[in-house]
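Notes follow the structure.
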There are 2 protein chains.
Amino acid sequence: MASTQAAKRQKSTKDVPYELIYWPGLPGRGEHVRLALEEAGASYTDSAQQKDGINVVLAQIAPQNLGDASNPPPCAPPILKHGDLTISQTPNILLYLAPRLGLVPSAEEDEDAIYKVNQLTLTALDGLSNEVHDCHHPIATGLYYEDQKTEAKRKSEDYIANRLPKFLGYFERVLQGEASKGGKWLYGGNLTYADLVLFQCLDGVKFAFPKATGRIEKEGKFGKVFELHRAVQERPRIKEYLASEKRQKYSLGIYRHYPELDEE
Amino acid sequence: MASTQAAKRQKSTKDVPYELIYWPGLPGRGEHVRLALEEAGASYTDSAQQKDGINVVLAQIAPQNLGDASNPPPCAPPILKHGDLTISQTPNILLYLAPRLGLVPSAEEDEDAIYKVNQLTLTALDGLSNEVHDCHHPIATGLYYEDQKTEAKRKSEDYIANRLPKFLGYFERVLQGEASKGGKWLYGGNLTYADLVLFQCLDGVKFAFPKATGRIEKEGKFGKVFELHRAVQERPRIKEYLASEKRQKYSLGIYRHYPELDEE
């Protein structure tokens, strides 16, 4: 039974492309999945590139969708379909993809690497993605930004003064630590998907708060983190992807640039 | 090499108890780890039960801690130590523990079960833990509740009206879906750690908003979710644990009861 399943999966892994289902028109959380697939040169489809992409997403998260015999329904995109499998939640999709794409050391090489890389990924998404979204929507995601502008300004000031340095400082420490094996990449001396996630998070924060991040970068306290951002940007496949039409522009998603929320 | 590592791990898994490092005095995110260990009857130590527990946590998250040769430092508790391994982030710790504690189908039984259970876990923590924390701290975690009371009231009203039913509705759909195999547990017909997480999340939301959750439970739209809460509570080891001194009381953590934030 188990070996039949394994054989089936191996076949499907080879033969079936990955299907990313995510909102068209903004990078969002789907971007972390795209960057992993692009870095690995994997074959995939992306609903953001399809004409009716928005309806593909809406069908997945509709209240009528109860999933199927082996997959619970997703609550929100990004969603990954791969053969019979349908899974959601950004760090979960990356957890599934990374061993298949060579973006984490294999269990044979480094048994518990996946838990260390997953820890770094979850921390980057907490502090440099979720909290940044809340800067422009501190009260209710269902309301417009204009309906929570005063609160957004207070939240952003606190984020820039306290939270952003906390998380940049954390990743600087990770890069200074021995487990990074040299301080270029977060873990183990080679690029993992946690580096791609940190790149995309910092890229978004730079877009949202250009003055604050510009000042912080100049102060030089988190030099290794900004260096990692540049190093990911220069990966040949990432560079080509970022310059392509496939890279969605920042828009009304997680990372928004409202000049009044940035520092003076 | 690989088999030596595996043998080493097997030995350490048998011989070394799990060490949970978490703040004393409140259930918090550490509670998800405790419930998994308790349900499995595992042997573990808990800094919350130690006299200088707070210092054990502080040493781990101190700016001087750069981790060690194989472990990046943690950003925040809960932290799990197991032999040479140190990992953090609640869903990541559960991902590591669950196969060892029998709280997720093994890869041999159900190859991709871990990704489905991890999806459900991440979604419960997003919508029924992180967002609930933000109800009393919408502006800044570093400020007192009293300094953001007006915003907290607005956020809580939106949470009760929109977000809480959204997430309860999601888990009700999961329990109605075929992949739950009967609708008692979230996935596959047997208890997994996602059920323990959903229990603890709902337990906390019930504590924070007793009137809103009381009304919602009476309305009967999410009956299977409330039934799951009761079923976890009645698991023999969980029942014994909840009645013991080891169960921390809700306090000034994620789940706080401010009557003015609940509905009338």
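Values computed for the structure shown
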item: Residue ID - surrounded by the most Cβ atoms within 10 Å (Cβ to Cβ), chosen from residues in region A:224-237 that are part of a helix (DSSP H, G or I) and not hydrophobic (A, V, I, L, M, F, W, C); result: A:His229
item: Boolean, A:Val56 is touching a residue at least 40 places away in the same chain (Cβ under 8 Å) and surrounded by 17 or more Cβ atoms within 10 Å (Cβ to Cβ); result: no
item: Filter result for the condition that a residue is modelled with pLDDT of 95 or more and in a loop (DSSP other than H, G, I, E, B), over B:Gly169, B:Gly182, B:Gly253, B:Gly204; result: B:Gly182
item: Residue satisfying condition, being more than 29 Å from A:Ala107 (Cα to Cα), modelled with pLDDT under 95 and either assigned to a helix (DSSP H, G or I) or more than 20 Å from the chain's Cα centre (by Cα) (or both), within set A:Glu260, A:Glu240, A:Glu264; result: A:Glu264
item: Residue satisfying all of: in region B:191-221; surrounded by fewer than 15 Cβ atoms within 10 Å (Cβ to Cβ) and in contact (Cβ under 8 Å) with a residue 12 or more places away in the chain; nearest to B:Asp112 (Cα to Cα) among these; result: B:Lys221
item: Residues within region A:207-223 that are part of a helix (DSSP H, G or I) and over 18 Å from the mean Cα position of the chain (by Cα), tallied; result: 11
item: Which listed residue is more than 8 Å from chain A (Cβ to nearest Cβ) and either in a helix (DSSP H, G or I) or among the hydrophobic types (A, V, I, L, M, F, W, C) (or both), from B:Ile139, B:Ile114; result: B:Ile114
item: Contacts under 7 angstrom Cβ, first residue in region A:160-171 being over 12 Å from B:Ile61 (Cα atoms), partner among the acidic types (Asp, Glu) and surrounded by 17 or more Cβ atoms within 10 Å (Cβ to Cβ), 6 or more apart; result: A:Arg163/A:Glu131
item: Extreme residue, surrounded by the fewest Cβ atoms within 10 Å (Cβ to Cβ), among residues of region B:144-174 that are more than 7 Å from chain A (Cβ to nearest Cβ) and among the acidic types (Asp, Glu); result: B:Glu146
item: Hits in region A:59-75 - residues which are more than 8 Å from chain B (Cβ to nearest Cβ) and either among the hydrophobic types (A, V, I, L, M, F, W, C) or outside any loop (DSSP other than H, G, I, E, B) (or both); result: A:Ala59, A:Gln60, A:Ile61, A:Ala62
item: Out of B:Gly182, B:Gly223, B:Gly177, sole residue that is away from every other protein chain (no Cβ under 12 Å), on the phi < 0 side of the Ramachandran plot and of a type in the set (Gly, Ala, Ser); result: B:Gly223
item: Region A:95-117 - residue that is touching a Pro at 6+ places or on another chain (Cβ under 8 Å) and without any contact (Cβ under 8 Å) to a residue 40 or more places away in the chain and, of those, surrounded by the fewest Cβ atoms within 10 Å (Cβ to Cβ); result: A:Ser106
item: Residue in region B:92-99 that is polar (S, T, N, Q), at pLDDT 95 or above, under 17 Å from the mean Cα position of the chain (by Cα) and within 24 Å of A:Ala107 (Cα to Cα) present; result: yes
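The values are calculated or read from the model by the stated rules, or taken from the named source; none is laboratory data. Just so we're clear, the structure is a prediction, and the values are computed from it rather than from any experiment. Cβ sites come from the backbone with ideal geometry, for glycine too, and all protein chains shown count toward neighbours.
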